[in-house]
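This is the structure I have questions about; it appears just below.
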Protein chains: 2
Amino acid sequence: MKEGPDIAHVAALLGDPARANMLTALMSGRALTATELAQEAGVTPQTASSHLAKLEAGLIVTPRKQGRHRYFTLSGPDIVEALEVLMGIANRVGHNRVRTGPKDPELRHARVCYDHLAGDMGVALFDGLTKRKLIISDLNGVVLTSAGISFATEFGIDLDGLRSKRRPLCRECLDWSARQSHLAGSFGAALLDRFYDLGWASRVRESRIVRFSRDGEKKFRDLVTF
Amino acid sequence: MKEGPDIAHVAALLGDPARANMLTALMSGRALTATELAQEAGVTPQTASSHLAKLEAGLIVTPRKQGRHRYFTLSGPDIVEALEVLMGIANRVGHNRVRTGPKDPELRHARVCYDHLAGDMGVALFDGLTKRKLIISDLNGVVLTSAGISFATEFGIDLDGLRSKRRPLCRECLDWSARQSHLAGSFGAALLDRFYDLGWASRVRESRIVRFSRDGEKKFRDLVTF
DNA sequence: TTCATCCTTCGATAATAATCGAAATGTCAT
DNA sequence: ATGACATTTCGATTATTATCGAAGGATGAA
């Protein structure tokens with residue numbers, strides 16, 4: 001009837017509260033089981049199953065069978081991007097729900113949000129980079145300053161490589177627990193990777209928690225203080 | 001009940017076929033009246049009015065009153081971005097509708113799609129840049145090559161300025177009429193601006209048509225042929 | 001003023017889909 | 001095998017909402 005790609009179908013898949021909650025949970029990058037997703041969405045396993053079938057048929061999520069569980073992940077980086085953009089709009093428009101984030105104190109402190117650092121330390125990173133004038137965030141988004149560019153290079157991040165991706169370099173991402181911004185986008189992800197490589201932090205198995213070593217946390221503090 | 005920005009609400013607004021059609025029509029960048037949008041969506045004016053009220057309340061579109069008409073535009077570049085990403089997903093997933101594009105031959109030839117060049121000439125531009133190896137498009141998106149970067153600079157485009165925007169530099173956009181890709185993103189928009197500045201082309205008042213001068217079209221052909 | 005046009009509001013209808021209880025299937029552990 | 005758990009299927013209910021006809025307001029033209 002109408003022209004071009006069918007936006008409505010895809011958007012409708014993201015447009016149901018239960019499904020949106022599941023997808024947001026999958027932004028952590030972890031593969032989650034059907035029941036875990038049901039809990040995240042606050043619906044019974046039956047309903048979740050129905051939703052997941054739709055998301056799977058629409059190629060929004062990808063299932064992976066393992067034993068008696070089915071693990072789901074987002075089907076690609078474009079889905080992450082779409083969710084990030086929608087979060088940005090929802091945020092600009094002022095439509096956010098009220099709930100405090102995860103209760104686990106370690107989760108509140110430092111965790112991964114898909115592939116970048118979130119939690120208190122994520123917020124601290126964002127604020128620190130801003131105070132040091134390495135990034136600037138305004139209405140249009142987040143930008144690396146020239147000081148920020150040289151900082152990134154010195155810190156061992158291949159900016160040109162990042163730029164060649166479709167994904168935007170910097171993006172603001174609202175923190176679930178802290179209710180403040182942390183840094184998303186390919187640069188945010190690269191920073192976290194670098195923290196891993198430098199041995200400052202490591203990811204706790206089977207969880208979203210990022211655990212900093214004593215030494216790593218110290219160096220991190222130096223990084224984000226002026 | 002749940003955490004963070006309310007993705008579902010925004011996505012649901014984009015997730016209705018009638019609304020999606022209206023928004024896609026608005027991607028041309030032109031301000032359209034309520035009745036025009038009703039026609040685009042294939043619904044009666046009453047239904048369109050109801051949809052537009054919702055989109056307006058959700059700050060997806062911005063109304064502007066003029067005489068007895070109400071003109072609507074997309075409320076910001078983030079909306080364009082969201083629509084572009086969703087089109088990309090829908091395209092990847094293989095969900096597209098069947099309809100040929102606009103019937104006006106001049107529209108098929110060269111028109112604006114929000115702020116970049118579309119139609120046959122838009123496709124020719126995309127193909128030409130690809131053949132000249134100034135851009136490369138793969139699964140991850142579209143990237144400027146180093147040859148493309150120097151070309152852009154010589155052509156008078158401030159790439160650093162563009163990079164400082166939230167919007168991605170290059171993006172593929174499926175052409176409604178030609179069913180092939182043309183170049184979107186801030187670089188695509190900058191190219192069209194440059195065509196205007198150089199006097200190669202100008203926009204026809206009150207329409208989406210881009211009219212190239214005889215000389216401009218010739219130079220354009222030189223640009224896109226190897 | 002009077003008329004035509006653009007748009008909205010109201011009310012009713014119909015279609016869609018989210019939800020869950022109950023039961024079935026499949027997988028692992030013992 | 002038997003039991004426990006994860007997931008799906010089925011069926012029925014309920015809530016939501018897209019849709020349009022009819023009528024009302026608002027604006028500009030004559």
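The values are calculated or read from the model by the stated rules, or taken from the named source; none is laboratory data. Bear in mind the structure is a predicted one, so any value in this text is a computation, not a measurement. Because the Cβ atoms are built from the backbone with ideal geometry, glycine has one as well, and the counts that use them run over all protein chains shown. Only protein heavy atoms, including side chains, enter the accessible area calculation; ligands, DNA and RNA are left aside. Shrake-Rupley method; radii C 1.70, N 1.55, O 1.52, S 1.80 Å.
So, of the residues in region B:26-53 that are over 20 Å from the mean Cα position of the chain (by Cα) and more than 10 Å from DNA strand C (Cβ to nearest atom), which turns out to be farthest from B:R205 (Cα to Cα)?
Looking at the filtered set, the residue picked out is B:V43.
Going by the structure shown, is B:G161 at pLDDT below 90 and on the phi < 0 side of the Ramachandran plot?
Criteria met by B:G161.
Do we have any residue at all in region A:47-67 that's near DNA strand D (Cβ under 9 Å from one of its atoms), at positive phi and not charged (D, E, K, R)?
Yes, some residue in region A:47-67 is near DNA strand D (Cβ under 9 Å from one of its atoms), at positive phi and not charged (D, E, K, R).
Now, a different point. Determine whether region B:86-104 contains at least one residue that is within 15 Å of the chain's Cα centre (by Cα) and more than 16 Å from A:P5 (Cβ to Cβ).
Yes, region B:86-104 contains a residue that is within 15 Å of the chain's Cα centre (by Cα) and more than 16 Å from A:P5 (Cβ to Cβ).
A further question follows. In region B:5-46, which residues are away from DNA strand D (no atom under 11 Å from the Cβ) and touching a Pro at 6+ places or on another chain (Cβ under 6 Å)?
Answer for region B:5-46, where residues must be away from DNA strand D (no atom under 11 Å from the Cβ) and touching a Pro at 6+ places or on another chain (Cβ under 6 Å): just B:T35.
Then there is this: Return the pairs, sorted by first residue and then second, in which the second residue is open to solvent by 40 Å² or more (accessible area, probe 1.4 Å) and at pLDDT below 75, the first residue lies in region B:167-182 and is farther than 19 Å from B:D104 by Cβ and at the interface with chain A (Cβ under 8 Å from one of its Cβ atoms), the beta carbons are less than 7 Å apart, and the residues are 6+ apart or on different chains.
From residues that are farther than 19 Å from B:D104 by Cβ and at the interface with chain A (Cβ under 8 Å from one of its Cβ atoms), the pairs are B:P168/A:R166.
Okay, moving on. When the residues of region A:59-81 are filtered to those that are out of contact with any helix residue (DSSP H, G or I) (no Cβ under 7 Å at 6 or more places or on another chain) and open to solvent by 80 Å² or more (accessible area, probe 1.4 Å), which remaining residue is modelled with the lowest pLDDT?
A:P77
I've got another one for you. If A:D120 satisfies all but one of (1) at pLDDT below 85; (2) buried (at least 16 other Cβ atoms within 10 Å of the Cβ), what's the number of the condition it fails?
In the conditions (1) at pLDDT below 85; (2) buried (at least 16 other Cβ atoms within 10 Å of the Cβ), A:D120 misses (1) alone.
Out of the residues in region B:54-68 that are within 14 Å of chain A (Cβ to nearest Cβ) and free of Cβ contacts under 8 Å to residues at least 24 places away in the same chain, which is farthest from DNA strand C (Cβ to nearest atom)?
My answer is B:L59.
Are any of the residues in region B:141-152 surrounded by 17 or more Cβ atoms within 10 Å (Cβ to Cβ), outside any strand (DSSP E or B), within 20 Å of the chain's Cα centre (by Cα) and more than 14 Å from chain A (Cβ to nearest Cβ)?
Checking region B:141-152: not a single residue is surrounded by 17 or more Cβ atoms within 10 Å (Cβ to Cβ), outside any strand (DSSP E or B), within 20 Å of the chain's Cα centre (by Cα) and more than 14 Å from chain A (Cβ to nearest Cβ).
Is one or more of the residues making up region A:82-100 modelled with pLDDT of 85 or more, within 16 Å of DNA strand C (Cβ to nearest atom) and of a type in the set (D, E, K, R)?
Scanning region A:82-100 turns up no residue that is modelled with pLDDT of 85 or more, within 16 Å of DNA strand C (Cβ to nearest atom) and of a type in the set (D, E, K, R).
Now a separate question. Filter region A:68-85 for residues that are near DNA strand D (Cβ under 9 Å from one of its atoms) and under 29 Å from B:P168 (Cβ atoms) and give the result.
Once the filter is applied, which keeps residues that are near DNA strand D (Cβ under 9 Å from one of its atoms) and under 29 Å from B:P168 (Cβ atoms), region A:68-85 yields only A:F72.
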